[in-house]
1. May I ask what percent, to the nearest 5, of DSSP beta bridges between residues of the protein assembly as shown are antiparallel?
2. Can you give the net charge of the other residues whose Cβ lies under 14 Å from the Cβ of residue C:380, counting K and R as +1 and D and E as -1?
3. What FRET efficiency, computed as 1/(1 + (r/R0)^6) with R0 = 22 Å and r the Cβ-Cβ distance, is obtained for residue C:287 and residue C:247, rounded to the nearest 0.05?
4. Can you compute log10 of I(q)/I(0) for chain C with the Debye formula, treating each Cα as one identical point scatterer, at q = 0.09, 0.10, 0.11 Å⁻¹?
5. I'd like the Karplus ³J(HN,Hα) series for the range C:126-137: coefficients 6.51, -1.76, 1.60, θ = phi - 60°, whole numbers in Hz, and an x wherever there's a Gly or Pro.
6. What does the charge count near residue B:68 come to, summing +1 for each Lys or Arg and -1 for each Asp or Glu among other residues with Cβ under 11 Å from its Cβ?
7. Could you let me know the centre-to-centre spacing of the range C:65-117 and the range A:154-172, using Cα atoms, in angstrom?
8. Alpha carbons only, please: Rg and Dmax for the range C:42-125, in angstrom.
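The values are calculated or read from the model by the stated rules, or taken from the named source; none is laboratory data. It should be emphasised that the depicted structure is a prediction, and the values quoted were computed from it without experimental measurement. Note that we place each Cβ from the backbone using ideal geometry, even for glycine, and neighbour counts take in every protein chain shown. What goes into the accessible areas is simple: the full protein's heavy atoms, side chains included, and nothing from ligands, DNA or RNA. Shrake-Rupley method; radii C 1.70, N 1.55, O 1.52, S 1.80 Å.
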Amino acid sequence: MAWETVIGLEIHVQLSTRSKIFSGAATAYGAPPNTQACAIDLGLPGVLPVLNVEAVRKAIKFGLAIEATIANHSVFARKNYFYPDLPKGYQISQYEMPIVSRGKLAIILDDGTSKTIGITRAHLEEDAGKSLHEDFHGMTGIDLNRAGTALLEIVSEPEMRSAREAAIYMKKVHTLVRYLNISDGNMQEGSFRCDANVSIRPMGEAKLGTRTEIKNLNSFRFVEQAILHEINRQREILETGGQVAQETRLYDPDRNETRTMRSKEEANDYRYFPDPDLLTVAISPGDIELIRVELPELPDAKRQRFIGEYALTEYDSDYLTANREIADYFEQTASAALTVYASASQPHNHNTAKLSANTIMGELSAALNKHNLDITSSPVSPEMLGGMIRRIEDNTISGKIAKQVFEAMWNGEGDADTIIASRGLRQVTDSGMLEALVTEVINAYPDQVDQYRAGKDKVLGFLVGQIMKKSQGKANPQQVNDILREKLKP
Amino acid sequence: MSSLDKAEIQKIAWLARLAIDEGDMAGYSRDLSNILKLVEQMNSIDTTTVDPLAHPLELNARMRPDQVTESNQREKFQACAPAIKDGLYLVPKVID
Amino acid sequence: MHNHTLTELSALLRSRQISSVELTEHFLRRSEKYNANLNCYITLTADMALAQARSADAALRQGGAGPLTGIPIAHKDIFCTDGIRTSCGSRMLDNFIAPYDATVVARLQQAGMVLLGKTNMDEYAMGSSNENSYYGPVRNPWDQQRVPGGSSGGSAAAVAARLTPIATGTDTGGSIRQPAAMCGITGLKPTYGRVSRYGMIAFASSLDQGGPLARTAADAAMLLTAVAGFDPRDSTSADQAGEDYSAALTRDISGLRIGIPKQYFDANLAAEIKEIITTAVRQLERAGARVSEISLPNTHLSVPVYYVIAPAECSSNLARYDGVRFGYRCDQPQDLADLYCRSRSEGFGREVKRRIMTGTYVLSAGYYDAYYLKAQRLRRLIRDDFHTAFSNVDVIIGPTSPTTAFRLGEKVDDPISMYLNDIYTVSINLAGLPAISIPVGFVNGLPVGMQITGNYFSESRLLNVAHQYQQMTDWHKRMPAGFN
């Protein structure tokens, strides 16, 4: 039987506020246990929460970016359950009146087609602490540093139809929150994690199948693997006449399998009710407009602009706009590379832009990967890279020599002009010198010259190669070609 | 009219993480049933057109700026903790 | 020395006729002497008090003193006090040394007041008789076989017996006003949001409000002036500056419009109390007030509504007492569930557990709409009744409690009868209004309190009316026998 997969994601994004959502404690990652848990985070008797305005602003930014409705009145509710990492015995979250609702996000599937995923809601809530299960003589240790960190929970409609789609959507949300600068998106540190609701149904069936929820997926790869595994598990159950149990499952990446965490019967009765310690959050159209003007250019718009303005291919645009830092690096490089060609009608030289894109996607990205560096900490600045591309464009160096220049810049030998001068890499364009070189080579390889004259065109490449070698790569290849052809004419 | 039986009392007690002794069960059942009887007087009035009121003054939230104002006071806060080790609060092993 | 009002003490201290140390020692001696019978205090902080008194004396000498500098006070043991046990009347917090000060505590310390100790109370402020304390019941100074009222019973009894010049309390459904009435003193519950709740251990967050228990309205005004005002640590605190509540005390009350709710004077009210309230209202009328009958039609629903909302909020507020980070933890927990269930069952008393259970039930799946949401809707109707009334009158007057102080043990096994004792007070908390209870007479030697309720932020007006009444009468000067 053919099955259709139905997936909805709940993505938890830690917002990059300096202080916690309801207290003035710091949010820095990696502090010694419980040193960033203040009286409010610990839920000491008598303490009260006060909402961090920045968390609200960041949530609104996200809402605007997904063209959602921003609630003019939003309410915090208590979600009541007991767990050691939840100090108050309730989590302050939002239930009936979330700050963001009914948004949408377009994703591009692997076949190049576009699909819009509905976002049901995004609400603010506080993160819980961490349970550490290392051996404390059979006890569990509780660290509440993370407790109270601002989270935005982004809930999609069940509109994804494959594990791959889910991963693409998750990546898109990740790109977006980084563009908006509302989260560092660091998945190793748990700033961006996701729960997946997965069900399958016979193709063509309108009714949804019983779903399971897979908890705490903290990488794109795990999301895809866990969902794939879960789809197979459900299919095996249904095809052998069984029934899928509605339950919460945990993904174990080491074994690549999911296992039951709790069944529906054990599900909590959360007893949501409006938090009486917090008042309604009122957001005026004026507040929203003030935030709207601060929105950066969003990924889709940037991608379209790159295609139009720089004449980049869709592939290059996708790559360069995948995150804001790369996009910025590219634009700075292209602008530094630009010299004489710029004009009002053509602000960018397409060739320069293409060269910039190629170098970033080629040499630079290889070097960054090799040294495990982020583009923001690249030893080669966009200005330096642009300077090098300018020298390729004005024929000071060839593309081949550029590789040497890049390596030298990476190793801290200075900017392109300095390196070209100190290493004597300037391209030889003096036709007298080049003619002498060409003549030398013609004399050295008479057999090859005869072959060429007999119509074996390919031999030309060999001869050019020899000339280039003699010039230590500095000869202008085009000029060499022209002179050689001229001299070999019968 | 609601009257709570033993199973319901146990269910509520578990949600509230309270252990009720067998001997107290009847007392809780009686008291809670009486309280519900009292509060069910609310049903004498139709409120379908009335909005709930969560806060008497119905004010809007005032928010705080995003500033770190608290410093580490772990030692002081943990002075009254029942069980700690290496700065962590200890509880019986949690099984996920 | 112990019969002086705050104004008098302030003058004596400033003119250096007495020192704060002398005054503090006097009240500490009385507190130690009478506490054995009355059980007003859970903790006496003698050493700290004397140290504070010495610095108050220094400030008085050097001229850096305010009106309250050097005057002793007792705090209800629900206010967190840095370095001092803050028990909330519960075994759960018997070992809890608060690591910070409540805003109310900090402000009064800033004003130079001297902390004598922490007063006894119903556990987590849940009760109307002070019999629900882990530290045993408080006895009423007017008749030690009777309750002082609750939940601020320790504060009320201590002020009535002159063991402290003034005390703080909290009021969620009448917990300042009812014990003030039963102990023959003046108790003010301010407008919701007028006094910061930060550091005041929560019972029901949308109802709780701190305030003074004092001998006179003028004393209450002095204290409120020092504690009222916006606190950035409390989101529900009113973004409105405090006032000098003493300024309007002497205003003439002629033309004051008094509303008498007919629902308050029905068959449930003891005839003797009814007569005393009527007499007191007549007194105000003679001073120029105009009296009219008003209607608060949903009054009878206030107790049912209150006993849904307060337990619902409390069930959640008290979830943090889990034996993990502070407070009581059971011996040798088998596992996590055992740690939770036993710590909470052993740490909380019967009434607290009853309310947690009730609150858990009304919020649980399938019952939320019928109980909690229904109560929130009725809460609006109850508040709207007051809105309507205040378009025609300035204050509403009635009894504070349907009875005088009852006998210890009389209602302890009957929660419903105990709850119904709150009939005149809970609606004011549901609406968030300010109200004051003042002594207006006696029935069989037991004090009777009259409640004056005003519109939002009309504390000045309430204190003015109460003060004017106290200028004409001397009920507030009566003192229980045996505490000279």
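1. Counting only bridges with both partners in the protein assembly as shown, antiparallel ones make up about 85 percent.
2. -1
3. 0.70
4. -0.54, -0.68, -0.83
5. With the stated coefficients, the range C:126-137 comes to 9, x, 10, 9, 6, 8, 9, 8, 5, 9, x, x Hz.
6. Working: positive: A:18, A:20; negative: B:66, B:70.
Combined, the nearby Lys, Arg, Asp and Glu give 0.
7. 54 Å
8. Radius of gyration, then largest Cα-Cα span, for the range C:42-125: 13.3, 43 Å.
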